[in-house]
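Data first, discussion second: the structure below is written as structure tokens.
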Amino acid sequence: MKIVLAEKVSPATLAVFQSEPDWKIVTHDQIKDGLPAELADADGLVVRSAVQVDDALLASAPKLRVIGRAGVGVDNIDADAATRRGIVVMNTPGANAIAVAELTLGLMIALARQIPKANATMHAGKWEKKSLQGVELRNKKLGILGLGRIGLEVARRARSFGMEIIGHDPFVSAAVARENAITLVSVEELFRDADYLSLHVGLTPQTAGIINEKTLATMKKGVRIVNCARGELIVENDLAEALKSGHVGGAALDVFHKEPLKDSLFFEIENAILTPHIAGSTNEAQEAVGIQIAMQTREYLKNGVVQNAVNMPSLTHEEYQELAPYITLADRLGTFLSHFADGTLESVRIAYNGRISEGKTDLIRNSAIEGLLGHSEGVNSINAAAVAEERGIRVSEEKKATASGGAGNVLKLTVHTRSGDVHASGTVLHGTSARLLNLNGIDVEAPLEGTLLVLRNQDVPGVIGRVGTILGDFQTNIANFALGRASHGRAVPEGTALAVIQVDGYLDEAAVRALRKVEAIAEVRVASLGEKLQLAAAE
């Protein structure tokens, strides 16, 4: 094996590779004729953030089997190009969790005790003891949004300060929360009750701008906010105004919309602590990510074991061609059901019917879980099952060689939460079109694509016309209108009907409110299956 370490790594990282006596290791300072030439016969490539691994570079690496990123972000790697070339791309999520958690607690203490101001006044030759009276973390309520690796590490450390921990993450089981002395609450309760709020979620359409004028107004006066996750979680103008007014008592920000930060509203705000994206920047964390990626790369090249991959694993062309439409179906079916599963997710059952039950279903299973956990931090189609296990979510599978209802292959997902079960089934038509076949016992055939408005209503005349009128009033165009009704013998009350309406563009929230006021309509849900959130806030 030949491994190219294109950027500087620690001696401990190098030692992992050098423990393989028959491997040739090329370090960054040994690359003489350029990286493309060095990759001509390389099996593995390890990078940090500086080297751009694009399609042109990969074209010079015909033997390359794995790219290891010593860190979390893979923006510098063209994962799609790597997938097309059969190259696994791995990163190291969680290796810097301790570093991020420690900075989070440090920033909370700095906010509570005004440490930056105390330091600045002392360096200015002032003794302002009276104006620097702080508060204690003890007996304060810490709200953690996102209970992945980092969120749980923050919770464990905050307990030692005598804080009460509340958290919101619909994809963490009640058992895991209990083990960590965390009270699971709704996101509304989290914002309302927290004395300190710490953000630890990934950036998704649902979390972008989640800290905004509206949500800030629901928080306690004097709340202190810490963000070591993603800058885009916060509407910066809204937070700046809340800091100036005193409604927010302080904010500590390590991440921003635009980095490096050259100009900012926060520069002149005294109760804002700013750090230059250093949460994961410790000697120990950098060492940890280097050693971890070295071990993952070695394990893959020696034994074919894939860990923390961010792209699809290698399949034959024929296998991928057959599976790809059902991988997409599983992801969309999971994403669709995530809008209907209320409460903490406890278990998932995946049933395969037809030829797909005889193939490699791991990717289909993982894509379904990925869709269900799509709002959660760091979940992809490779690590989805492991994340579910880590969070105490039980996953079971059922396979039958025959499918019912005329479809060649049918995939069914059943999700169990503390509020009950929801289930949906789907298939692939015309080779690539993911379609919904049944939702909670009512047959309905609809595309799993774009923005879907789902209505449960009484099976009485006039509902369709009323729905069309309301959507028309809000300039919403209907792309597809599918109807279903309860059948005799099904576990659904007779007289119940279901409508799945695909609409073009954005759906105004006011339209949803208007539909909920229709007497015959019992339930209104909006499922967004596009890349961008398709629910626009009403003016």
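The set of residues in segment 258-276 that are open to solvent by 40 Å² or more (accessible area, probe 1.4 Å) and either among the polar types (S, T, N, Q) or closer than 19 Å to residue 106 by Cα (or both) comprises 270, 271, 274, 276. You will find that of 252, 279, 294, 242, the residue that is more than 30 Å from residue 364 (Cβ to Cβ), free of Cβ contacts under 8 Å to residues at least 40 places away in the same chain and surrounded by 15 or more Cβ atoms within 10 Å (Cβ to Cβ) is 242 and no other. Among the residues in segment 261-283, are any part of a helix (DSSP H, G or I) and over 22 Å from residue 117 (Cα atoms)? Within segment 261-283, one or more residues are part of a helix (DSSP H, G or I) and over 22 Å from residue 117 (Cα atoms). Cβ separations smaller than 9 Å between residues 6+ apart or across chains give the following pairs from segment 139-152 residues that are in a strand (DSSP E or B) to residues that are open to solvent by 50 Å² or more (accessible area, probe 1.4 Å) and aromatic (Phe, Trp, Tyr): 142/161. Summed over segment 205-217, residues that are more than 14 Å from residue 169 (Cα to Cα), open to solvent by 20 Å² or more (accessible area, probe 1.4 Å), in a loop (DSSP other than H, G, I, E, B) and not aliphatic (A, V, I, L, M) total 2. Would you confirm whether or not segment 45-60 contains a residue that is in contact (Cβ under 8 Å) with a residue 60 or more places away in the chain and either open to solvent by less than 60 Å² (accessible area, probe 1.4 Å) or not aliphatic (A, V, I, L, M) (or both)? Yes, segment 45-60 has at least one match.
Quick check on segment 180-197. Is at least one of its residues within 13 Å of the chain's Cα centre (by Cα) and aliphatic (A, V, I, L, M)?
Step one: filter segment 180-197 for residues within 13 Å of the chain's Cα centre (by Cα), giving none.
The answer is no; no qualifying residue exists.
Residues that are more than 13 Å from residue 198 (Cβ to Cβ), free of Cβ contacts under 8 Å to residues at least 60 places away in the same chain and in a loop (DSSP other than H, G, I, E, B) within segment 162-174 comprise just one, 162. Counting only strands (runs of 3 or more DSSP E) wholly contained in segment 343-444, the ones carrying 1 or more residues that are crowded, with 21+ Cβ neighbours inside 10 Å and under 27 Å from the mean Cα position of the chain (by Cα) occupy 345-354, 409-417, 420-429, 433-439.
Pairs linking a residue in segment 319-340 that is over 14 Å from residue 356 (Cβ atoms) to a residue that is buried (at least 22 other Cβ atoms within 10 Å of the Cβ) and among the polar types (S, T, N, Q), with Cβ atoms under 6 Å and 6 or more positions apart or on different chains, are 331/367.
Residues of segment 70-129 being among the hydrophobic types (A, V, I, L, M, F, W, C), part of a loop (DSSP other than H, G, I, E, B), under 24 Å from residue 229 (Cβ atoms) and open to solvent by 50 Å² or more (accessible area, probe 1.4 Å), which ones?
Taking segment 70-129 and keeping what is among the hydrophobic types (A, V, I, L, M, F, W, C), we get 70, 72, 74, 77, 79, 81-82, 87-90, 95, 97-101, 103, 105, 107-112, 115, 118, 120, 122, 124, 127.
Restricting the remaining residues to those that are part of a loop (DSSP other than H, G, I, E, B) gives 70, 72, 74, 87, 95, 124, 127.
From what is left, the residues that are under 24 Å from residue 229 (Cβ atoms) are 70, 72, 74, 95.
Within segment 70-129, 72 is the sole residue that qualifies.
The values are calculated or read from the model by the stated rules, or taken from the named source; none is laboratory data. What you see is a predicted model, and the numbers here were worked out from it, not measured in a lab. Cβ coordinates were reconstructed from backbone atoms using ideal geometry, including for glycine residues, and neighbour counts include every protein chain displayed. Surface areas here come from the heavy atoms of the whole protein model, side chains and all, with no ligands, DNA or RNA. Shrake-Rupley method; radii C 1.70, N 1.55, O 1.52, S 1.80 Å.
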